[in-house]
Structure formats: structure tokens, C-alpha cells
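A short worksheet on the structure shown next.
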Amino acid sequence: MSRYHGPANVLCGGQAIPVEVDLYADHPANDLSRWWGTVQADRSADLDDSFWAVPGNRWGKLRLPDGRDGSFVAVEHAAGAFHMEINGRGTEPF
């Protein structure tokens, strides 16, 4: 298992919103890797409510400081919170 904890940007509506992430990747023997984690934005982050709205229906993209990025879907989010749990899609960006 690999892990990345630190800064990233959520790419949304032509903006790069700074967030903190805690990401994990699993590489089982069958080569079907997966990655997941949490995204935490500052309460002053300029993300509209629609970004944080509907778990399971909200795809996004993360970009790490080294320029690598990865797509994700929000799987859990509490209304009014700037925190969500995500599942990654494709190869992990770390």
C-alpha cells in the first residue's frame, strides 16, 4: 500500500482550489489497483455548493504539486462541510 498526505489542488470550473488530501493506493496481486482518500478544503475555499453536493455523482480532478493528476468521485460528504471522501479512477497520482 502507498500513501500521500499533503497539499493538492481540486481542478474545478477552470480554477485550481488548494486542498489537503490523505490518499491511499492498494496494489493487490491481481493488478487491479485502486486508490481512495479524503479531501479537506479551507472554509474560505472558492468552491460553490454544487461541487460538494451529491456524493456518487460528483466527479472531480486532483492535481498534486509535482503536476500529476487523477480523477475521482465523491463518495461521502456532509452538507455544509468542506471535507469529502473520494474513490479514485485510474492510476493513482502519487
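Selection over the range 18-43 of residues that are of a type in the set (Lys, Arg) and within 12 Å of Asn87 (Cα to Cα) gives a count of 1. Candidates are the residues of the range 1-16 that are touching an Asp or Glu at 6+ places or on another chain (Cβ under 9 Å) and more than 15 Å from Arg68 (Cα to Cα); the one that is modelled with the highest pLDDT is Ser2.
Conditions tested, residue by residue: (1) at pLDDT 90 or above; (2) of a type in the set (A, V, I, L, M, F, W, C).
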| position | (1), (2) |
| --- | --- |
| Pro18 | no, no |
| Leu23 | yes, yes |
| Asn30 | no, no |
| Arg43 | no, no |
| Asn57 | no, no |
| Gly60 | no, no |
| Gly67 | yes, no |
| Ala74 | no, yes |
| Glu92 | yes, no |
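The values are calculated or read from the model by the stated rules, or taken from the named source; none is laboratory data. Please read all numbers here as calculations on a predicted model, not as lab measurements. Neighbour counts run over all protein chains shown; Cβ positions are idealised from the backbone, glycine included.
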